[in-house]
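The values are calculated or read from the model by the stated rules, or taken from the named source; none is laboratory data. Predicted model only: the values in this text are computed from it and were never measured. All Cβ positions, even for glycine, are placed from backbone atoms using ideal geometry, and neighbour counts span all protein chains on display.
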Amino acid sequence: MELFPYLSVLILLSACSNSVTRQNQIVNFSRTKVIQQKISDTLEKIIPALVIQPIPDDYQTWLNQLDHKQQVNDYKNFLKKYDLNEIVPDHDLLRSARDWQKCYAPAFEVPPQEVWLNIIPTLQILKRLVDDKILDDFTVTSVYRNFNLNRCAGGADSSRHVFNAALDFRIGPENPQPEDFIKIDQSKIKLCKFWEEYGQALNMGLGVYASGQIHIDSLGFRTWGPDHHSASSPCITSLVSN
């Protein structure tokens, strides 16, 4: 009978110990969940949501021809020096013009080395647009165009594309549905605000075409719309309306 009080104390201590252990497990689990959520939130801030595109068969075919693979590697290594080699997929970065078939030209082309440097400020603008989450779902459709292709495609002889200083892109899918146009319009508004605030310092040109294509370059602070004049640019019309 004298052992009973001691057994009661031991049982009580054991129960308390188990209770404390369970509470610690709950606290540790909660802390783990909080840390995981913080990591997830941080990653969302520093890593933009990119739309993963499959590599087109025609690009793979072109890449395996002649010395194209070596040309691409050299160009990418040059861009890597400026931390600009992963902004857009290679098959978009090297797209020539949307009318390449009509003009009997290649769909992809590495620009001549003497104009490589010209694209750096323009890609830096694009990187800022991505980092600032102004652009996420977009596809680059044209960058460098040789002189003959540019003229055949209807570009001016002084086009920034000829100098590898410009790129065109579209927002959203190639064939947008009615619900897509809401996001497209919102992105254009953000683009215009960016151009208004930072365009002059970046020497940024911004063109918005009726086809849905958007042009950016770094060879002059200006904007234009479907008729290639500033008055038709949505950036100018928004300024006037405000």
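Overview of results
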{"read-out": "Which listed residue is modelled with pLDDT under 95 and under 14 Å from the mean Cα position of the chain (by Cα), from Pro56, Pro89, Pro48", "value": "Pro48"}
{"read-out": "The stretch 187-233, subset on the phi > 0 side of the Ramachandran plot and exposed (fewer than 15 other Cβ atoms within 10 Å of the Cβ), residue modelled with the highest pLDDT", "value": "Gly220"}
{"read-out": "Top-ranked residue in the stretch 136-160 [being in contact (Cβ under 8 Å) with a residue 24 or more places away in the chain and under 18 Å from Met204 (Cα atoms); ranked as farthest from the chain's Cα centre (by Cα)]", "value": "Arg160"}
{"read-out": "Criterion (in contact with a helix residue (DSSP H, G or I) (Cβ under 9 Å, 6 or more places away or on another chain), surrounded by fewer than 19 Cβ atoms within 10 Å (Cβ to Cβ) and either among the aliphatic types (A, V, I, L, M) or over 21 Å from Asp90 (Cβ atoms) (or both)) met by exactly one of Ile182, Ile236", "value": "Ile236"}
{"read-out": "Among residues of the stretch 134-152, those that are touching a Pro at 6+ places or on another chain (Cβ under 9 Å), outside any loop (DSSP other than H, G, I, E, B) and more than 21 Å from Leu66 (Cβ to Cβ), counted", "value": "2"}
{"read-out": "Cross-chain or 6+ apart pairs with Cβ under 6 Å, the stretch 93-106 first and touching a residue at least 24 places away in the same chain (Cβ under 8 Å), then part of a helix (DSSP H, G or I)", "value": "Ser96/Leu149; Ala97/Leu149; Cys103/Leu149; Cys103/Cys152; Ala105/Leu149"}
{"read-out": "Extreme residue, nearest to Asp137 (Cα to Cα), among residues of the stretch 51-98 that are acidic (Asp, Glu) and exposed (fewer than 11 other Cβ atoms within 10 Å of the Cβ)", "value": "Asp57"}
{"read-out": "Residue within the stretch 117-133 that is assigned by TED's automatic domain parsing to the domain that holds Tyr209 and assigned to a loop (DSSP other than H, G, I, E, B) present", "value": "yes"}
